[in-house]
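Notes to accompany the following structure.
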Amino acid sequence: MDKILNQSAKKHYVLGENQVLDLLVVQMHDADCEVDIKVDLEGIGSNVNIFGIYFASAGQIIQNRVVVNHIAPKCTSSILYKGALLGSGAKTSWDGFVNIGENAVNTDTYETNRNLLLSEGASAVSVPNLEILTGDIVRAGHASATGRFDDQQLFYLMSRGIDAKTAQKLIVRGFFEEIIQNAELDDLEQTEIFKQLERKIDEVR
Amino acid sequence: MKYDKLEVVDLCVCVVNNKHANDQAQEKEILKGVNLEINSDEVHAIMGPNGSGKSTLAASIAGAPGYKVTSGDIILTVDGKTQSLVDLTADERARAGIFLAQQSPTAVDGITLSNFLRTAKTAIDGVAPNIRTWIKELYDTMELLKMDKSFASRPLNVGFSGGEKKRAEILQLEILRPKFAILDETDSGLDVDALKTVCDGINRAKTDAKFGALLITHYTHILDYIKPDFVHVFANGEIVQSGDSTLAKKLETSGYEQYTK
């Protein structure tokens, strides 16, 4: 698994025949951050899986851009990014571009970005794009959703004795769980991510 | 035995509507001087027409967002310690002993029912439940409420039917053992069998925890299962008549119209 941890980066990968790339992008730090990834699936049967976790605090801007070019036949790609936003001026943008070229028959691709707004004043922009130049494919899909952990949900947890910050931590951990499972992160990596998210929630006054 | 007590004193509450960010927040007075005293192990039923403020009373005691106490007080005495709840957050009230079973329980994605309950139990008791007995207690209680075990690992109330949500509320009531339970139309939307199952759960919890209960309802049917010590008629934001369980029977035939004119 290739990793881009808590830093801005611009990476370009070219995959050959049957080559597999697993990539994890983590943005749990406090600095503004921009990560730009481009993957060319040039070899037949190559496969890329990209996972992203990010958490924007008040005033922080996190930008992600993912481009996957399906050039050869029988390639697969899967993209899953999840982000939490907490605090006034927390901003994230996510742009996904999956291009299925005219020779990329039997392509299987899915891109997903989900965002969770934990407070007022945060904004998430999410734009998954898909360009298909051949109709002879297995699957091509995209999904984008931005949900909110609202006052009523917070109240419900609090009305059972759970304090506000613990409630937020539970919700964000649950939200990130899908990535933790699918990306098969080890205990140390999980612990580090949970430590960072708890720190970010604890820092809010 | 030393009794715990929940007192509502001359309580006036406004509903605050912040929906229009640019406008002045809209405030509307709903509760207009409510007085009520509930001791442990007592059941008080509050009956009244739609829109009379019954749910506002429940929400105000639990500390729900969007309600502002303009005057009066809510006073809780537990184990000889007396405190006002008005300035406490909802979680502080819950840890002090208040439990609200919601009319339409909120769905929360991202946390399973069992994880939620264990976290709540830990918060209320101040210590984590015993790992060896916890799962058994949870599953046994679910079985009594005729809930499939699989609900424990599902996201909290997400995709639950109306009846399943009500069972899940009573599951929480049984596990968390509060000092005072406010049940806001727990009977609404339940068929006859489900009503009995849910009421059995409430009675079990009450026998176990000896809590005082505030039962909000439109119908007398639930009162056949859970016998009230007091019945109060609520209209236009206040209690207009109080009596014993015979008052509920009278209301069944006379209706609420006499109180709303």
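The values are calculated or read from the model by the stated rules, or taken from the named source; none is laboratory data. Remember, predicted model here, so these are calculated numbers, not experimental data. As a convention, Cβ positions derive from the backbone with ideal geometry for all residues, glycine included, and neighbour counts pool all protein chains shown.
B:Ile135 passes all but one of (1) part of a loop (DSSP other than H, G, I, E, B); (2) within 20 Å of B:Arg204 (Cβ to Cβ); (3) over 17 Å from the mean Cα position of the chain (by Cα); which number fails?
For B:Ile135, the exception is condition (1).
Would you be able to say whether some residue in region B:142-156 is under 21 Å from the mean Cα position of the chain (by Cα), within 14 Å of another protein chain (Cβ to nearest Cβ) and among the aliphatic types (A, V, I, L, M)?
yes
When region B:111-133 is examined, which residues are found to be at pLDDT 95 or above, of a type in the set (A, V, I, L, M, F, W, C) and surrounded by fewer than 17 Cβ atoms within 10 Å (Cβ to Cβ)?
B:Val127, B:Ala128, listed by residue number.
Within region B:19-117, considering only strands (runs of 3 or more DSSP E) that don't extend past its boundaries, which have at least 2 residues that are in contact with a His (Cβ under 9 Å, 6 or more places away or on another chain)?
Ranges flagged: B:26-39, B:43-47.
On the basis of being more than 10 Å from chain B (Cβ to nearest Cβ), of a type in the set (Phe, Trp, Tyr) and assigned to a helix (DSSP H, G or I), does A:Phe176 make the cut?
No.
Select from region B:69-110 the residues that are modelled with pLDDT under 95 and crowded, with 21+ Cβ neighbours inside 10 Å and write down the one among them that is nearest to the other protein chains (Cβ to nearest Cβ).
Taking the candidates together, the pick is B:Gly110.
Test each condition in (1) under 22 Å from A:Ile180 (Cβ atoms); (2) more than 16 Å from the chain's Cα centre (by Cα); (3) of a type in the set (A, V, I, L, M, F, W, C) for A:Ile50 and report the one that comes out false.
Evaluating A:Ile50 over (1) under 22 Å from A:Ile180 (Cβ atoms); (2) more than 16 Å from the chain's Cα centre (by Cα); (3) of a type in the set (A, V, I, L, M, F, W, C) leaves (2) as the failure.
Checking the condition free of Cβ contacts under 8 Å to residues at least 60 places away in the same chain and away from every other protein chain (no Cβ under 14 Å), which residue from A:Asp163, A:Asp186 passes?
A:Asp186
Return the residues of region A:77-106 that are out of contact with any His (no Cβ under 7 Å at 6 or more places or on another chain) and either at positive phi or in contact (Cβ under 8 Å) with a residue 60 or more places away in the chain (or both); say none if nothing qualifies.
A:Leu80, A:Lys82, A:Ala84, A:Leu86, A:Gly87, A:Gly89, A:Asn106
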